[in-house]
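The values are calculated or read from the model by the stated rules, or taken from the named source; none is laboratory data. Just so it is clear, the model here is predicted, and its values are computed rather than measured. Cβ: placed from backbone, ideal geometry, glycine included. Neighbour counts: every protein chain shown. Ligands, DNA and RNA are stripped out before the accessible areas are found, and what is left, the full protein with its side chains, is counted by its heavy atoms. Shrake-Rupley method; radii C 1.70, N 1.55, O 1.52, S 1.80 Å.
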Amino acid sequence: MNKSIGLIFAVFVALSVSYAFSARKGPPMPATEITLNNALLLDTQRAGQRLVAVGERGYIFISDDEGGAWRRVPSGVETTLNAVAFADLLGIAVGHDAAIVRSDDGGQTWKAVFSAPEQLRPLLDVAFVSPQHVLAIGAYGAVFESTDGGLNWNERQIVDGDRHFNALARLADGTLMIAGEAGTLLRSNDGGANWEVLPPAYAGSYFGIQPLAQGGVLVYGMRGTVLRSDDRGDSWQTLTGEGAGSLFGSTMTTDGSIVLVGQNGTVLGSRDGGTSFKRLPVQGSRLWTAAVAAPVAGEAMIFGEGAVARVDAASGEKQ
């Protein structure tokens with residue numbers, strides 16, 4: 001799940017400034033081949049046995065051999081894609097310009113089904129409530145809903161105000177939760193028909209939600225803050241305080257371990273089901289944005305700015 005508007009904006013500003021003031025003498029250079037190692041990826045999910053990664057400029061990469069080889073597939077858009085979700089082989093990816101693209105073959109092919117660039121509201125996360133019912137959320141309180149498997153979308157307003165909604169997840173018992181700007185936490189007990197605002201547990205912004213195996217949930221975000229609830233958000237326990245890099249992505253491995261990733265090369269691991277975390281030694285990127293479980297118990301693949309690594313939740317980077 002990484003998902004920060006400020007982060008993406010800063011990256012693009014830096015790239016634009018660098019290009020504007022760089023020397024451009026001599027003949028044109030050959031076009032740079034876009035690969036996983038020179039793209040900023042923002043989310044990765046599984047579609048059956050396939051890995052699907054999305055990121056800047058509408059890039060989508062897929063791997064059918066657990067990350068051994070990747071190939072880029074057309075997305076139908078050129079705007080940044082922030083998040084992707086699958087229900088079996090049906091996939092939805094969302095991004096800037098309120099862009100929504102859809103795949104019905106496990107990420108092999110994609111078709112643009114919705115956009116609203118005039119609204120200037122990027123979509124930051126997406127989740128399936130059921131194979132037919134999909135929710136997408138984003139900046140300034142944006143909520144879009146589909147009840148036909150992502151073919152058609154309608155906008156909703158679920159609460160007053162326009163705070164950014166950064167993350168959306170379905171918990172083990174079916175509860176839906178949204179986390180966002182300035183400590184925003186929302187909960188729905190009826191599949192997204194109605195939402196309640198939860199009392200603030202933290203004043204900073206959340207960038208991600210990680211459901212846990214036993215029905216608990218983690219929310220995480222600014223300055224490395226991680227909170228845990230075992231009662232669907234009625235109460236929260238702070239697991240890590242501010243001080244580390246902001247956290248943007250997470251996964252639960254096949255044995256219930258948790259891996260969180262973020263800014264300043266931050267990778268945190270938990271082998272006790274998300275009760276405690278420790279910093280893991282991982283090289284390769286100063287910015288990690290997404291994580292997905294690997295087949296080996298306790299291991300995950302993490303994705304960042306021009307880098308992919310395999311880590312163990314207990315010991316860190318694997319060769």
Counting only protein heavy atoms with a 1.4 Å probe and every protein chain in place, the carbon and sulfur fraction of the accessible surface of the chain in whole percent equals 50
Quickly work out the Val159-to-Val296 label distance, labels modelled 7 Å from Cα along the C-beta direction, and quote it in nm with one decimal. 4.1
Rounded, prolate or oblate, given the Cα gyration tensor of the range 201-319, with a/c below 1.5 counting as rounded? oblate
If I take R0 = 22 Å and measure r between the Cβ atoms of Lys318 and Val73 in this structure, what FRET efficiency does the formula 1/(1 + (r/R0)^6) give, to the nearest 0.05? 0.20
Take peptides 251-258, 112-119 and line them up by average Cβ neighbours within 10 Å, highest first, as a rough protection proxy. 251-258, 112-119
Using a Gaussian network model of the chain whose springs link C-alpha atoms within less than 10 Å, name the residue from Leu268, Leu151, Leu218 with the highest mean-square fluctuation. Leu151
Computed FRET efficiency, Cβ-Cβ of Asp255 and Thr109, R0 35 Å: what is it to the nearest 0.05? 0.55
Residue-normalised accessible area of the chain, given per residue in Å² at a 1.4 Å probe: 42
Point-charge dipole on Cβ atoms (K/R +1, D/E -1) for the range 233-289, about Cα centre, debye to 20: 260
Which semi-axes, in whole Å and largest first, does the equivalent ellipsoid of the range 29-92 have when worked out from the alpha carbon gyration tensor as the square roots of 5 times its eigenvalues? 20, 14, 9
Using the Cα gyration tensor of the chain, with a ≥ b ≥ c the square roots of its eigenvalues, what is the shape: rounded (a/c below 1.5), prolate (a/b larger than b/c) or oblate (neither)? rounded
A convex hull over the alpha carbons of the range 52-181 yields, per residue, a volume in Å³ of 108
For the range 103-240, just the Cα set please: Rg and Dmax, both in angstrom. 15.0, 42
Got a sec? Charge dipole of the range 168-261, +1 on Cβ for Lys and Arg, -1 for Asp and Glu; which of Leu171, Gly192, Val259 is way out at the positive end? Val259
Grab the Cα-Cα distance for Glu118 and Ser235, subtract it from 0.36 nm times how many residues apart they are, and report the gain in nm with one decimal. 38.2 nm
Cβ-based net charge around Leu120, under 15 Å, with every Lys or Arg adding one and every Asp or Glu removing one: -3
Between the range 79-98 and the range 282-319, the Cα center-to-center distance that results, in Å: 22
Please label the shape of the range 231-284 as rounded, prolate or oblate, based on the square roots a ≥ b ≥ c of the eigenvalues of the alpha-carbon gyration tensor (a/c under 1.5 means rounded; beyond that, a/b larger than b/c means prolate, else oblate). oblate
Only Lys, Arg, Asp and Glu count, each charged at its Cβ (+1, +1, -1, -1), so figure out the dipole size of the range 97-146 about its Cα centre, rounded to 20 debye. 20
Asserting the computed 222 nm helical MRE of the chain (DSSP H runs at least 4 long, -39500 (n - 2.57) per run, divided by residue count, to nearest 500) equals -1500 deg cm²/dmol
Local electrostatic count, Val129, Cβ distance below 15 Å [Lys/Arg +1, Asp/Glu -1]: -3
